[in-house]
Amino acid sequence: MPESITSADLGILAAIPRTQFLDRIMPVITVIGDNGIIPIIIALILICIPKTRKTGIAMGIAFALGGIFGNLLLKNIVARTRPYDVVDGIKLLVPALSDYSFPSGHTLVCFEAATVAFVRERKYVGICAYVIAAAVAYSRLYLYVHYPTDVLAGIILGIIFGITASYLVDGLFRRPKMRTENAHDRASKIKMSTMLTVLIFLYQNIPGISHAIAKPSANDTALAVSA
């Protein structure tokens, strides 16, 4: 990441007002996006309800896109160090993370879910979801675990993947003109979508899968610099 962008990012982080009240609230808000657990559980619940099944499946597809292109590829290609590793004297309110910073995975998964909800459900549901996603995104900045550009990338990718997944699920469930979809076909699609969402959950939560390329330790970095 260019130094000019990082410098601007750090300036924004330093300007964020911090209070004892927010110090207690922000770690709670950020849990909503931890490993994508809550959004994935919501997707699984929606899949089990016939009326919202397509929404749940669309969320699962969006999470898969975000997991592959965001967490697995972009994070390890950009390999951006967390801001608390760059700035001295930062008192972390949450545990330090072992993966890279860009893009923000919490922001990505929350905006994927919010975008799918906005596209597929009643608008007030989507708006409420966006408010929650925005709160999670802000918490990542407040807690000094992401740069503003990390969060911005998570927002943009989350919206793109959410819209893409919504269109994909419409194509998946579109009935052929000459015949209706039988119960076996529908059951197969439901099983596939449920398995997909479970696999995403495992991807997000089993160490060594989502962090296929491990972040170098501080000692390794120091050795590389001294060499």
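The values are calculated or read from the model by the stated rules, or taken from the named source; none is laboratory data. These numbers come from a predicted model, not from an experiment. Positions of Cβ are generated from backbone atoms using ideal geometry, with glycine treated the same way; all protein chains shown enter the neighbour counts.
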Residues of region 103-119 classified as assigned to a helix (DSSP H, G or I) and either polar (S, T, N, Q) or free of Cβ contacts under 8 Å to residues at least 12 places away in the same chain (or both), total: 2
Residue check for LYS177: in a loop (DSSP other than H, G, I, E, B), at pLDDT below 60 and either aromatic (Phe, Trp, Tyr) or farther than 18 Å from GLY66 by Cβ (or both): yes
Close pairs (7 angstrom Cβ cut-off, 6 or more residues apart or separate chains): among the charged types (D, E, K, R) in region 88-102, modelled with pLDDT under 90 and part of a loop (DSSP other than H, G, I, E, B) anywhere: ASP99/HIS211; ASP99/LYS215
Sole residue being in contact with a helix residue (DSSP H, G or I) (Cβ under 9 Å, 6 or more places away or on another chain) and outside any helix (DSSP H, G or I), chosen from ALA58, ALA96, ALA62: ALA96
Residues located in region 55-76, provided they are among the hydrophobic types (A, V, I, L, M, F, W, C) and under 16 Å from LEU157 (Cα atoms): ALA58, MET59, ILE61, ALA62, PHE63, ALA64, LEU65, ILE68, PHE69, LEU72, LEU73, LEU74
Filtered residue count, region 131-152, keeping only those that are out of contact with any Ser or Thr (no Cβ under 8 Å at 6 or more places or on another chain) and on the phi < 0 side of the Ramachandran plot: 10
Candidates TYR142, TYR130 - the one that is surrounded by 15 or more Cβ atoms within 10 Å (Cβ to Cβ), touching a helix residue (DSSP H, G or I) at 6+ places or on another chain (Cβ under 8 Å), under 22 Å from LEU13 (Cβ atoms) and aromatic (Phe, Trp, Tyr): TYR142
Region 15-42, subset touching a residue at least 12 places away in the same chain (Cβ under 8 Å) and surrounded by fewer than 15 Cβ atoms within 10 Å (Cβ to Cβ), residue nearest to GLY70 (Cα to Cα): ILE16
Count - residues of region 96-127 that are acidic (Asp, Glu) and either surrounded by fewer than 24 Cβ atoms within 10 Å (Cβ to Cβ) or farther than 30 Å from PRO2 by Cβ (or both): 2
Some residue of region 70-84 being small (Gly, Ala, Ser) and either modelled with pLDDT under 90 or not in a helix (DSSP H, G or I) (or both): yes
Matching option when the condition is of a type in the set (A, V, I, L, M, F, W, C), over 22 Å from GLY126 (Cα atoms), at pLDDT 90 or above and in contact with a Pro (Cβ under 8 Å, 6 or more places away or on another chain), among ILE12, ILE16: ILE12
Hey, PHE69 out of contact with any strand residue (DSSP E or B) (no Cβ under 8 Å at 6 or more places or on another chain), of a type in the set (Phe, Trp, Tyr), touching a residue at least 60 places away in the same chain (Cβ under 8 Å) and surrounded by fewer than 17 Cβ atoms within 10 Å (Cβ to Cβ) or not: yes
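Residue-wise test of (1) of a type in the set (Ser, Thr, Tyr); (2) over 15 Å from the mean Cα position of the chain (by Cα); (3) over 13 Å from LEU141 (Cα atoms).
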{"site": "ILE29", "(1), (2), (3)": "no, no, no"}
{"site": "ALA62", "(1), (2), (3)": "no, no, yes"}
{"site": "GLY67", "(1), (2), (3)": "no, no, yes"}
{"site": "ILE77", "(1), (2), (3)": "no, yes, yes"}
{"site": "LEU93", "(1), (2), (3)": "no, yes, no"}
{"site": "ALA96", "(1), (2), (3)": "no, yes, yes"}
{"site": "HIS106", "(1), (2), (3)": "no, no, no"}
